[in-house]
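The values are calculated or read from the model by the stated rules, or taken from the named source; none is laboratory data. Keep in mind that this is a model prediction, so the values were computed, not measured. Please note: Cβ atoms are built from the backbone with ideal geometry, for glycine as well, and neighbour counts cover all protein chains shown. Each accessible area value is taken on the protein alone, full model and side chains, heavy atoms only, with ligands, DNA and RNA left out. Shrake-Rupley method; radii C 1.70, N 1.55, O 1.52, S 1.80 Å.
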Amino acid sequence: MVEHRNGTGALQDANVTGGNSYAINIEAFNKRLKSLYSHWSKHKSSMWGSSDVVAIATPPASEDLRYLKSSALNIWLYGYEFPETIMVFMSKQIHFLCTQKKASVLDVLKKAAKEAIGAEVVMHVKAKGEDGATQMDAILHAAKSLLKSEGHDSPIIGHIAKEPPEGKLLETWTAKLKNSSYELGDITNGLSDLFAIKDSMELTNVKKAAYLTASAMKNFVVPKVERIIDEEKKVSHSLLMDDTEKVIMEPARIKVKLKAENVDICYPPIFQSGGVYDLRPTASSNDQNLYYDSASVIVCAIGSKYNSYCSNLARTFLIDATALQSKAYEVLYKAHDAAIGALKPGNKVSAVYQAAISVVEKDAPELVKNLSKSAGTGMGLEFRESGLSLNAKNDRILKAGMVFNVSLGFQNLQADTKNPKNRNFSMLLADTVIVSEKAPEVVTSISTKAIKDVAYSFNEDEEEEEEVPRKKQKVDGTEAVLSKATLRSDNQVQSKEELRRQHQAELARQKNEETARRLAGADAETGGTRAATKTTSDMIAYKNVNDLHPPRDLIIQIDQKNEAILLPIHGSMVPFHVATVKTVSSQQDTNRSCYIRIIFNVPGTPFNPHDANSLKNQGAIYLKEVSFRSKDPRHISEVVQVIKNLRRQVVARESARAERATLVSQEELQLAGARFKPIRLLDLWMRPAFGGRGRKQPGTLEAHVNGFRYSTNRPDERVDIMFGNIKHAFFQPAEKEMITLIHFHLRDHIMVGNRKTLDVQFYVEVMDVVQTLGGGRRSAYDPDEIEEEQRERQRKNRFNMDFQNFVNRVNDLWGQPQFKALDLEFDQPLRELGFHGVPFKASAFIVPTSACLVELIETPFLVVALSEIEIVNLERVGLGQKNFDMAIVFKDFKRDVLRIDSIPSTSLDGIKEWLDTTDIKYYENRLNLNWKPILKTIVDDPEQFIDDGGWEFLNMEATDSDSEGTEDSDQGYEPSDVQSESDSDDDDDDNESLVESEEEEEEDSDVDSEEEKGKTWEELEREATNADREKGDESDSEEERRRRKMKAFGKGRAGPSSSAPKGGKFR
């Protein structure tokens, strides 16, 4: 929350220097002072409590958001709030009780008040430390004398009855009034009616505040919420509240040209979802995460002030709305418009609410009971002006110049669903409206409320995508064994490990709760999932029989123009489109006869599902296979080759067309032109490369107004990358690599040549690949060798510097207000946290960044956003392995589990530390898990998964604690630098019990075969090494080579005590 409040107009003594810092608008003061006295005189008995004297006491300044009529009168009259100031208005005198510095500012009013109403301004200065009682007595005595001279025998002093006194000064003043001989009257209604009709200056302030509010909703809140939903981020309502408040307090961030010192919020922004709703402005945003699963409703309400004048706006967003939610919103939309339309001069205030409820009674009478009890309130210097509530009982007359917060909602609607997160929902719409002589003016209209703009549908997109195999099931027979690293006797290592273990336990609890909520929502929204049908364009060779050329001979013919194969069948030439051919082959027998065999695609058979064309002709008969015999092997060979080539061309063309059809349309690139000189980076290569033949050419990368453009000298080689389509941007300078690169990971696919891609990389080679022709080794002290190394170093530094300058300038561009919502910045890999592994087919160096896990050198590229990771399972940990595997499970269970194999065991501690610091829950297992059935079981029965403890089935420690033998052995071991005498005497017994416990576990689990029980650790080591060598996954790092030279495996791990034989090898 932003602590400092702007735009309150509070005038503090410390800020006043000789009365020159604050300038009161004398013209506005004269006009409004006349209005005050005129209204007081005209409505003295009806609204001003028959008051002969009006006393206004302003409390001390506060950082809290509050709305007081005393403060409103200060700002209305003077343009500033004067805290701890007492103003007493009489027919011919105006008395002020304040400090000397405030009196110096108010001194300019003496002449103005005399000219406006003929009243004398009298200043009563209170010295610091005084309670002001003497000055109060003087004011009351002056009032008594003046009223007596005017013939008032029982005078009445009007005050704001509902404002309790704050501070010593106001408490003393209240006590003086109560103990005086004056009767007290309430002037609240008089001030409310006085403030109700705004002049042109006030309406301008309201319009500016409304524009700021609507811009914040349109340019920040809506894109922010959309991005959270699109990226499936976990963001709390309170964090959204804080971010939105900061944006309002800094209007430049959303391209609103208002001074920040004149701006403030009306109330902390409100974000509600997940079944908990409160439609009052006093509601608060809780710490729960924004809930956006299917059938969820998100309510957002924000209000801002400009020069202390308020505005308000509320919108409701529907995610995969149900029929009830859609109907309720349409009715609320019409009722809200009807209420706004009734705001016409001359109408009663009650007509506004009556117009809204009439729409609901007509279109959805069952929702009347859920409609809010009012349609809003008057608004201005106060967020809710008393006496102007838009309810059914208010008979006040509407007048031009009034401003209303038209707020209408449905509360506590019930959806037919089992998920508590979206069973109960509410809706709210609010706009700031000015009553004018013509039509009501909705000054927050730039933020749309049309259902097409607030209703989001994500299930449709999911149905169009092809189903991805899902993975997951329970683990059978994966009992964990603690590695030696967890039993070290070093106290420092132990404390660090213990802290990490405690943090992981807390992450496990949070992750299970989060997964349970998400699965519960997913389970509620799944109702008949349908397999995606593959659609293809109509394949027509000839539109009618007349297009078919008359046959010359009854032989197999190929019509390449119409992409058809003409086959002689029963004396007629029958055409088949080449796309219907599945395979074609030829064979020659011993009689010199050749056979050609053509197999067609038949819909409905395995691997050939029904498409749109086959569904149109469900009664059609399909030819599955045809064979011909010929004595001309040359002709048969030509036919087979031509069919294969033609089929290949058609398949490639249709694949490219299908890929382009699934692309998301991008905005047009706005060239820099005369606005600014585009930021350029020259002589770059791109991956993936453009297709086509010919020599590849380097190109230039340019940053324009809203995106990048990469182009070469060839006119057809050009790629545009929009800023809004960039999900992650990386800059990796060359250190141990041969290239310096910039990499963009995109939100939606783009086409590069004929290839659809989500990753685009631009790079330059920092050193040339040189091969010495002599074959001999050159000396390290060779001058030519030294000079060559210096040139390479200078070349690398120059390229790194060029890329760094480009990145810095683009970061500055992205820092401009119009790009703040994109939250873009180049991320740089953290090499010190990197590790070797095999993410695809080849070993690579994988490096974390602040938000991702990446590998950008070898193709295919690896970019994994940390926010998309559900859990990480470290597999094959322990058992004396030299490497282990990492399985990354994504929050989207439709995605395949990502495996990174053959990570050196020396990287285990570093990876665990990194995962822990990034708040990612990880587990350790002895074996590789088959994730496909595991994920399938979780998706099929999420309730059982939740009841079984969620992800805790992966917890190796929990599995050990369930085993009695392991529990006994763990209790018998306590790491210590000093062993007691009894412990050393019973070493053999302890070792025997440990071995027996291990054998019992092996008998129960049935995982290890009888053969493996008798193998020694040396044999197991050799088998593991041979297996790794066969897989080609053995690490060739420098440290690994040094370890292979050491014959004693446990030598580096031996503790200070060697009393336990073979302790270094025990697992």
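Can you find a residue in the range 321-334 that is surrounded by 22 or more Cβ atoms within 10 Å (Cβ to Cβ), in contact with a Cys (Cβ under 8 Å, 6 or more places away or on another chain) and farther than 14 Å from Ser447 by Cα? There is no residue in the range 321-334 that is surrounded by 22 or more Cβ atoms within 10 Å (Cβ to Cβ), in contact with a Cys (Cβ under 8 Å, 6 or more places away or on another chain) and farther than 14 Å from Ser447 by Cα. Would you tally the residues in the range 410-438 being in contact (Cβ under 8 Å) with a residue 12 or more places away in the chain and over 27 Å from the mean Cα position of the chain (by Cα)? Going through the range 410-438 one residue at a time, the tally reaches 11. Pick from the range 792-832 the residues that are part of a helix (DSSP H, G or I) and polar (S, T, N, Q): which of them is surrounded by the most Cβ atoms within 10 Å (Cβ to Cβ)? Going through the qualifying residues, I end up with Asn800. Taking the range 698-735 as the range and being without any contact (Cβ under 8 Å) to a residue 24 or more places away in the chain, in a strand (DSSP E or B) and open to solvent by 20 Å² or more (accessible area, probe 1.4 Å) as the test, the residues that pass are Thr700, Ser711, Arg718. Taken residue by residue, the range 209-230 has no member that is assigned to a loop (DSSP other than H, G, I, E, B) and over 24 Å from Ala283 (Cβ atoms). Taking the range 143-179 as the range and being closer than 25 Å to Ser71 by Cβ and over 58 Å from the mean Cα position of the chain (by Cα) as the test, the residues that pass are Ala143, Ile156.
Checked against (1) of a type in the set (S, T, N, Q); (2) under 29 Å from Asp230 (Cβ atoms); (3) free of Cβ contacts under 8 Å to residues at least 40 places away in the same chain, Ser285 meets all criteria but (3). In the set (1) modelled with pLDDT under 80; (2) open to solvent by 60 Å² or more (accessible area, probe 1.4 Å); (3) touching a Pro at 6+ places or on another chain (Cβ under 9 Å), Tyr622 fails one condition alone, (1). Being buried (at least 19 other Cβ atoms within 10 Å of the Cβ), polar (S, T, N, Q), part of a loop (DSSP other than H, G, I, E, B) and under 29 Å from the mean Cα position of the chain (by Cα): is that true of Ser294 here? Criteria met by Ser294. Of the helices (runs of 4 or more DSSP H) that lie entirely inside the range 848-961, those containing 2 or more residues that are without any contact (Cβ under 8 Å) to a residue 40 or more places away in the chain span 942-947. For the range 349-371, the set of residues classified as loosely packed, with under 14 Cβ neighbours inside 10 Å and either among the basic types (Lys, Arg) or touching a strand residue (DSSP E or B) at 6+ places or on another chain (Cβ under 9 Å) (or both) consists of Lys362, Lys369, listed by residue number. State which residue is farthest from Ile156 (Cα to Cα) when the search covers only the range 51-67 and only residues that are assigned to a loop (DSSP other than H, G, I, E, B) and in contact with a helix residue (DSSP H, G or I) (Cβ under 9 Å, 6 or more places away or on another chain). So, considering only residues that are assigned to a loop (DSSP other than H, G, I, E, B) and in contact with a helix residue (DSSP H, G or I) (Cβ under 9 Å, 6 or more places away or on another chain), the one farthest from Ile156 (Cα to Cα) is Pro60.
Taking the stated definitions as given, is Ala283 closer than 23 Å to Asn419 by Cβ, open to solvent by less than 50 Å² (accessible area, probe 1.4 Å) and not polar (S, T, N, Q)?
yes
If you filter the range 863-918 down to residues that are among the charged types (D, E, K, R), surrounded by fewer than 17 Cβ atoms within 10 Å (Cβ to Cβ) and more than 24 Å from Arg518 (Cα to Cα), you find that the one that is nearest to the chain's Cα centre (by Cα) is Glu913. Scan the range 645-666 residue by residue and report those that are at pLDDT 85 or above and open to solvent by 90 Å² or more (accessible area, probe 1.4 Å). Passing the criteria: Arg648, Gln649.
Give the range 241-271 a look and list any residue that's closer than 19 Å to Arg227 by Cβ and either open to solvent by less than 60 Å² (accessible area, probe 1.4 Å) or at pLDDT 90 or above (or both), or say none.
Scanning the range 241-271 gives Met241, Asp242, Asp243, Thr244, Glu245, Lys246, Val247, Ile248, Ile254, Pro269, Phe271.
Every listed requirement among (1) touching a residue at least 12 places away in the same chain (Cβ under 8 Å); (2) closer than 19 Å to Ser308 by Cα; (3) open to solvent by 20 Å² or more (accessible area, probe 1.4 Å) is met by Gln100 save one, (2). Quick check on Gly477: is it touching a Ser or Thr at 6+ places or on another chain (Cβ under 7 Å), part of a loop (DSSP other than H, G, I, E, B), at pLDDT below 50 and exposed (fewer than 13 other Cβ atoms within 10 Å of the Cβ)? So Gly477 fits the description; yes.
When you scan the range 385-408, how many residues do you find that are surrounded by 24 or more Cβ atoms within 10 Å (Cβ to Cβ) and part of a strand (DSSP E or B)? So the answer is 8.
For the range 156-183, what are the residues that are touching a Gly at 6+ places or on another chain (Cβ under 9 Å) and in contact (Cβ under 8 Å) with a residue 40 or more places away in the chain?
Matches in the range 156-183: Ile156, Ile157, Gly158, His159, Leu169, Thr172, Trp173.
Taking the criterion of being under 23 Å from Arg501 (Cβ atoms) and basic (Lys, Arg), the only residue of the range 890-916 that qualifies is Lys912.
Considering the range 555-567, and only residues there that are without any contact (Cβ under 8 Å) to a residue 40 or more places away in the chain and surrounded by 15 or more Cβ atoms within 10 Å (Cβ to Cβ), the residue that is farthest from the chain's Cα centre (by Cα) turns out to be Gln557. Restricting attention to the range 237-296, the residues that are small (Gly, Ala, Ser) and over 20 Å from Thr515 (Cα atoms) total 6. Being surrounded by fewer than 18 Cβ atoms within 10 Å (Cβ to Cβ) and not hydroxyl-bearing (Ser, Thr, Tyr) is a description that applies to Leu146.
The residues on offer are Asn189, Asn205, and the sole one that is open to solvent by less than 30 Å² (accessible area, probe 1.4 Å) and modelled with pLDDT of 90 or more is Asn205. Scanning the range 580-603 for residues that are touching a Ser or Thr at 6+ places or on another chain (Cβ under 8 Å) and either surrounded by 15 or more Cβ atoms within 10 Å (Cβ to Cβ) or in a strand (DSSP E or B) (or both) gives Ser586, Cys594, Tyr595, Ile596, Arg597, Ile598, Ile599, Phe600, Asn601, Pro603.
Here Ser630 clears all of (1) at pLDDT below 80; (2) open to solvent by less than 60 Å² (accessible area, probe 1.4 Å) except the condition numbered (1).
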